[in-house]
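Data first, discussion second: the structure below is written as structure tokens.
The values are calculated or read from the model by the stated rules, or taken from the named source; none is laboratory data. Small disclaimer: the values here were computed from a predicted structure and weren't measured. Cβ placement follows ideal geometry from the backbone for every residue including glycine, while neighbour counts extend to all protein chains displayed.
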């Protein structure tokens, strides 16, 4: 799914900086500069608005009355302007110059708030094999997610210690790694209240017995080797709120009844005998979707590498 972003900014170099940053994260960008009057004439409202306060003021645009402030990020060089837009109710207000990583993270947060479970996520990939790590990171970035990587558990803890506010929303964790392996990292993660709540998807070829499953905090597991489509579907699934329907990137939405009409390409039980299962089905656009059915608060899906079978 592509998200729409409007940029109201009269400076060419700033507009040209914002557009590629947003496009890489899956946004369709419309930028308004000296023709910003058109901004307030459009009846359609975007998912996210990036608004330069001085541009709006100089052109005397009735922006505050026309934009969805709850999904607007305002930038300004003036502390007075920042205070004004905060009082008006803008979702985020940043002092220029804007740091690219913070800017992307906040815009993605606004998209995720509008479409829970479908928006870009901040993902930390912990994997010691360079080729696998970069392949996963590239696939996630191509899907619009914000990705950081670490080569082992100790490096990952260093990354997380630097993130006081912008913690990842999902961790992909390999188990067999040098220095600090995935099990030791997971133990440290679960012992830290700040990190324990971050959803974690374990990536491993190891057999997961009940004892290891408990040690890992009963989190989801994706078997190696895995198909990237299955991985991306699992990432989307883990971002879905409980009991939500399923929305494909192509825009099609499915409830439980319409979901069952799609072609089943894989299924896995979570191994706990509680009735949960995760299904992989093929959307009408041929994208792979995952949906965990019968989930409860402590479900533990064991996801297997599944590739679509050839149609009959």
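Residue-by-condition table, conditions (1) surrounded by 22 or more Cβ atoms within 10 Å (Cβ to Cβ); (2) at pLDDT 95 or above; (3) in contact with a strand residue (DSSP E or B) (Cβ under 7 Å, 6 or more places away or on another chain):
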| site | (1), (2), (3) |
| --- | --- |
| 126 | yes, yes, yes |
| 148 | no, no, yes |
| 161 | no, no, no |
| 166 | no, no, yes |
| 173 | yes, yes, yes |
| 180 | no, no, no |
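Among the conditions (1) in a helix (DSSP H, G or I); (2) surrounded by fewer than 16 Cβ atoms within 10 Å (Cβ to Cβ), the only one that residue 108 does not satisfy is (2). From the list 70, 83, which residue is surrounded by fewer than 17 Cβ atoms within 10 Å (Cβ to Cβ), at pLDDT 85 or above and not in a loop (DSSP other than H, G, I, E, B)? Result: 83 is the single residue among 70, 83 that is surrounded by fewer than 17 Cβ atoms within 10 Å (Cβ to Cβ), at pLDDT 85 or above and not in a loop (DSSP other than H, G, I, E, B). In the set 223, 213, 194, 188, only one residue is under 29 Å from residue 102 (Cβ atoms), surrounded by 14 or more Cβ atoms within 10 Å (Cβ to Cβ) and in the same structural domain as residue 291 (by TED's automatic domain parsing); that residue is 188. Scanning segment 37-54 for residues that are at pLDDT below 80 and touching a helix residue (DSSP H, G or I) at 6+ places or on another chain (Cβ under 6 Å) returns a single hit, 40.
Figure legend. Inter-residue proximity from segment 197-218: first residues at pLDDT below 85, second residues in a helix (DSSP H, G or I) and surrounded by 18 or more Cβ atoms within 10 Å (Cβ to Cβ), beta-carbon distance below 9 Å, spacing 6+ or different chains. No pairs are indicated. Does segment 136-146 include one or more residues that are in the same structural domain as residue 203 (by TED's automatic domain parsing), surrounded by fewer than 16 Cβ atoms within 10 Å (Cβ to Cβ) and modelled with pLDDT of 85 or more? Yes: one or more hits.
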